[in-house]
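Q: One structure, pasted below without further comment.
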Amino acid sequence: VEGDKIPTTFLPYQDKYSVFLNVKGKNLFDKSQIREGYYGGVVNTDAGNYDSNYQTISPNKTYYISGTIGNFHALAVYDKHKNKISTLIANTTARTFTTPSNAYYYIYSSNTTNGGNVPDTIMISEGNTAPTEYEPYYSFTKEVLIKQPLRKFDYLTYDGVYRQTNEIVLDGSWNVVD
């Protein structure tokens, strides 16, 4: 330290580039987004109606709905512009559904007074079998600092960036036969 004063503020080490990762748990049903008085994305003030509002989902995947469900519920999928594609589950005890190639959102709807489910127990997860136990919904964004920008074939891992290259290192360990 030079001079008369000792520094009191330290800046943390920061790499040059940052990447933001969206991390989600197994449960894709965010019950904090429930809207009472809606069904299928539209206002419906019949007693007990609710829907999940628009929640994200991946295309071409199979999902399982677990929890207490009755036979009065529906799940519809929407494209990235929130245009309805189709209703995949309607008034049935079906628990699995597969999303089409252009699916981006879903809305889950039910009615608790007509044999529907209680939203506290719902879990929507990827796969075609029930999870072993309920997991609350969670999602957060994590910033990862890296030394170089990501390239087309890079993979982000817990240990950093794995960079796939087409380099061959000639270190004399190869035997070349003519």
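The values are calculated or read from the model by the stated rules, or taken from the named source; none is laboratory data. Please read these numbers as outputs of a predicted model, since none were measured by experiment. Cβ coordinates were reconstructed from backbone atoms using ideal geometry, including for glycine residues, and neighbour counts include every protein chain displayed. All accessible areas refer to the heavy atoms of the entire protein, side chains included, with ligands and DNA or RNA removed. Shrake-Rupley method; radii C 1.70, N 1.55, O 1.52, S 1.80 Å.
Q: Tell me, what HN-Hα J-couplings in whole Hz come from the Karplus equation 6.51 cos²θ - 1.76 cosθ + 1.60 at θ = phi - 60° for each residue of the range 127-137, using x for Gly and Pro?
A: Here the 3J(HN,Hα) series is x, 10, 10, 6, x, 5, 8, 5, 10, x, 5 Hz.
Q: While we're looking at this one, here's another question. Could you list which residues have their amide H under 5 Å from that of Asn27, counting only those 5 or more apart in sequence or on another chain, with H placed in the peptide plane?
A: Tyr138
Q: Using just the alpha carbons, could you tell me how many Å³ per residue the convex hull of the range 20-131 encloses? Mind showing how you got there, number by number?
A: Numbers: hull volume 11.3 nm³, N = 112.
Expressed per residue, the convex hull around the Cα atoms of the range 20-131 is 101 Å³.
Q: Something else about it: Starting at the first residue of the range 91-97, write each ³J(HN,Hα) from the Karplus equation 6.51 cos²θ - 1.76 cosθ + 1.60 with θ = phi - 60°, in whole Hz, x for Gly and Pro.
A: Coupling constants for the range 91-97: 6, 8, 8, 4, 10, 10, 8 Hz.
Q: Using heavy-atom solvent-accessible surface (probe 1.4 Å) with all chains present, what is the largest-first order of Val77, Val19, Val42? Could you put the intermediate results ahead of the total?
A: Working: Val77 0, Val19 30, Val42 85 Å².
Greatest to least solvent exposure: Val42, Val19, Val77.
Q: Sticking with the crude label model, points 7 Å out along Cα→Cβ, report the distance from Glu143 to Asn83 in nm, one decimal please.
A: 3.7
Q: Round to the nearest 10 and report in Å² the accessible area of Thr121, as given by a 1.4 Å probe over the protein chains' heavy atoms.
A: 50
Q: What residues qualify as long-range amide H neighbours of Ala94, i.e. H under 5 Å apart, gap of 5 or more or another chain, H built at 1.01 Å from N?
A: The list, which skips near neighbours in sequence, is empty: none.
Q: Further question on the same structure: Using only the alpha carbons of the range 53-104, determine the length spanned along each of the three principal axes and report them from longest to shortest in whole angstroms.
A: For the range 53-104, the Cα extents along the three principal axes come out at 30, 18, 15 Å.
Q: Also: If the chain between Thr132 and Thr98 were fully stretched, how many nm would it gain, using 0.36 nm times the residue separation less the Cα-Cα distance? List each step's numbers first, then the result.
A: Details: separation 34, 0.36 × 34 = 12.24 nm, distance 2.06 nm.
So the extension gain works out to 10.2 nm.
Q: Once you sort the root eigenvalues of the Cα gyration tensor of the range 29-70 as a ≥ b ≥ c, which label holds: rounded (a/c under 1.5), prolate (a/b larger than b/c) or oblate (the other case)? Walk me through the intermediate numbers first.
A: Working: a/c = 2.28, a/b = 1.63, b/c = 1.40.
In terms of gyration-tensor shape, prolate.
Q: Ok, one more. Please list, ordered by chain and number, the residues whose modelled amide H lies under 5 Å from the amide H of Asn111; skip anything fewer than 5 residues away on the same chain.
A: Close amide H contacts, sequence-distant or interchain: Gly116, Asn117.
Q: Now for a separate question. Where does the charge balance sit around Tyr64 when Lys and Arg score +1, Asp and Glu -1, over other residues with C-beta under 11 Å from its C-beta?
A: Numbers: positive: Lys26, Lys61, Arg95; negative: Glu126.
Local net charge: +2.
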